[in-house]
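This report refers to the structure that appears directly beneath it.
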Amino acid sequence: MHLLAGLASTEDLDKSNNVVRLGALQWGATLPPLLFDHDLDLSKTVGTIHRLEWTTDGLAIAALVEDMYATIKGFSARFRVEDYEIVGQGSRAHAVVKRGTIREISLVDRPCCPGALVLSRQHYDPPPFGAYARAAGLQFDALARAIAALQAAISSVKQEM
């Protein structure tokens with residue numbers, strides 16, 4: 001596994017002749033899926049987004065991805081535009097996205113937004129399963145003790161009635 005971090009959107013003029021304002025893109029209660037090259041099947045995730053937040057530089061992202069995607073160069077956000085304006089005239093005209101909803105974010109080698117790049121990558125070794133099992137076992141034991149104490153208290157109250 002690798003942890004990739006960078007920007008998924010910036011205020012740079014992109015290849016689609018759009019500028020996305022800082023903070024313009026939103027997402028639902030859960031983070032959007034992470035795909036490869038905007039696969040239309042949203043179930044074909046290639047990793048998990050762990051952080052997605054607007055900063056003064058753009059839409060910062062950190063994602064844990066499979067090793068085969070560790071060398072990807074950029075991110076790309078696919079979104080539905082909900083509000084925009086056209087600025088400039090002639091060959092300088094472009095859309096400024098004021099509001100939109102992110103559908104998914106993809107790992108891509110040629111991002112539409114020139115600033116949407118992977119800025120750091122590091123190898124990540126998850127803790128061994130035994131550590132998870134021990135932690136879960138300890139939590140289960142504590143829960144079992146609490147339930148037993150509650151059952152004893154209920155029995156005691158019933159006997160007093």
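The values are calculated or read from the model by the stated rules, or taken from the named source; none is laboratory data. Quick caveat, the model's predicted, so the values are computed rather than measured. A quick note on method: Cβ atoms are made from the backbone with ideal geometry, for glycine too, and the neighbour counts reach across all protein chains shown.
Does residue 22 count as loosely packed, with under 15 Cβ neighbours inside 10 Å, touching a residue at least 24 places away in the same chain (Cβ under 8 Å), in the same structural domain as residue 81 (by TED's automatic domain parsing) and hydrophobic (A, V, I, L, M, F, W, C)?
Answer is yes for this residue.
On the given criteria, is residue 83 of a type outside the set (Phe, Trp, Tyr) and at pLDDT below 95? Give the derivation first.
Working: of a type outside the set (Phe, Trp, Tyr): yes; at pLDDT below 95: no.
Against the criterion (of a type outside the set (Phe, Trp, Tyr) and at pLDDT below 95), residue 83 does not qualify.
Does any residue of the stretch 66-84 turn out to be outside any strand (DSSP E or B), surrounded by 11 or more Cβ atoms within 10 Å (Cβ to Cβ), of a type outside the set (D, E, K, R) and touching a helix residue (DSSP H, G or I) at 6+ places or on another chain (Cβ under 8 Å)?
no
Could you tell me how many of the residues in the stretch 88-117 are assigned to a strand (DSSP E or B) and free of Cβ contacts under 8 Å to residues at least 40 places away in the same chain?
Residues flagged as assigned to a strand (DSSP E or B) and free of Cβ contacts under 8 Å to residues at least 40 places away in the same chain within the stretch 88-117 amount to 0.
Considering only residues that are surrounded by 13 or more Cβ atoms within 10 Å (Cβ to Cβ) and β-branched (Val, Ile, Thr), which ones fall in the stretch 54-65?
Selection gives 61, 65.
Table: residues versus (1) in contact with an Asp or Glu (Cβ under 7 Å, 6 or more places away or on another chain); (2) not charged (D, E, K, R).
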site: 24; (1), (2): no, yes
site: 36; (1), (2): no, yes
site: 42; (1), (2): yes, yes
site: 66; (1), (2): no, no
site: 70; (1), (2): no, yes
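Can you name every residue in the stretch 50-80 that is more than 17 Å from residue 113 (Cβ to Cβ) and of a type in the set (A, V, I, L, M)?
Hits for the stretch 50-80 are 62, 64, 65, 68, 70.
Restricting the search to the stretch 89-123, which residues are loosely packed, with under 13 Cβ neighbours inside 10 Å, of a type in the set (Gly, Ala, Ser) and touching a strand residue (DSSP E or B) at 6+ places or on another chain (Cβ under 9 Å)?
93, 120
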